[in-house]
Structure formats: C-alpha cells, structure tokens
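For reference, the structure discussed in these notes is given below.
The values are calculated or read from the model by the stated rules, or taken from the named source; none is laboratory data. From a predicted model like this one, the values you see are computed outputs, not experimental measurements. Here Cβ is always computed from backbone atoms with ideal geometry, including for glycine, and neighbour counts include all displayed protein chains.
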C-alpha cells in the first residue's frame with residue numbers, strides 16, 4: 001500500500017508524535033512508542049473528526065490523520081487484491097508460469113481474467 005503520514009498517536013493514555021505507515025498487511029507507527037497492528041488482528045476501524053481509531057487484541061490506538069483518516073480506513077477495510085496491485089484489469093488474459101499459489105490461480109480462473117494459461 002505504501003501510505004505514510006506524520007501524525008500524533010495515542011495508546012493506553014500515552015501520546016506521541018511520529019510517523020504512521022499503512023503497509024500491505026499492517027498499520028505501523030514509529031514514535032516515542034512503536035506499534036504494529038496487523039489487519040487480521042483489528043476488531044474495529046472507526047473515523048471521527050479526522051481521527052482514525054483502531055481496536056485490536058492489545059487495546060485501541062488513535063491516529064490524528066486529518067482529512068487522510070477516511071482514506072486510510074477505506075484502505076484497511078477494503079485492501080487491494082494482488083491482481084489489482086499487479087494492474088490486471090477485468091477480462092485481461094494472463095500467463096501464469098510456475099506459480100503454485102492456489103488462491104492466486106483461483107482468482108485468475110474465477111472470471112477476473114478471460115483466461116489463464
């Protein structure tokens with residue numbers, strides 16, 4: 001995903017300025033304290049007044065992102081598929097060579113592409 005933003009984060013009553021990174025499978029924060037919250041561990045994602053709040057097994061964290069908060073929430077809740085990241089458009093023909101990833105092959109065969117060789 002590759003989004004990053006300077007922001008203020010709050011967790012367990014502690015506040016820190018730092019940088020947040022929205023990666024492929026986790027939201028990472030580096031400041032006075034550090035956080036790495038995998039998407040699979042998130043139980044709730046909310047945006048209110050420019051603040052992105054993530055609930056996860058370790059509690060909750062809030063990131064003051066301003067106008068970017070809504071975009072980050074959307075990316076977390078609806079991450080791009082591998083085919084989207086690769087730029088494969090619906091109906092495209094693709095050649096798959098020596099790939100054993102069953103999920104990837106299934107996505108190619110399920111109508112996302114017109115054929116996979």
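Annotation note: of 52, 27, 35, the sole residue that is part of a strand (DSSP E or B) and in contact with a helix residue (DSSP H, G or I) (Cβ under 6 Å, 6 or more places away or on another chain) is 52.
Of the residues making up segment 65-91, those that are surrounded by 15 or more Cβ atoms within 10 Å (Cβ to Cβ) and at pLDDT below 80 number 1.
Taken as a whole, the condition of being more than 13 Å from the chain's Cα centre (by Cα) and at positive phi does not apply to residue 31. Within segment 48-64, being more than 15 Å from the chain's Cα centre (by Cα) and surrounded by 16 or more Cβ atoms within 10 Å (Cβ to Cβ) holds for 51, 61, 62, 64.
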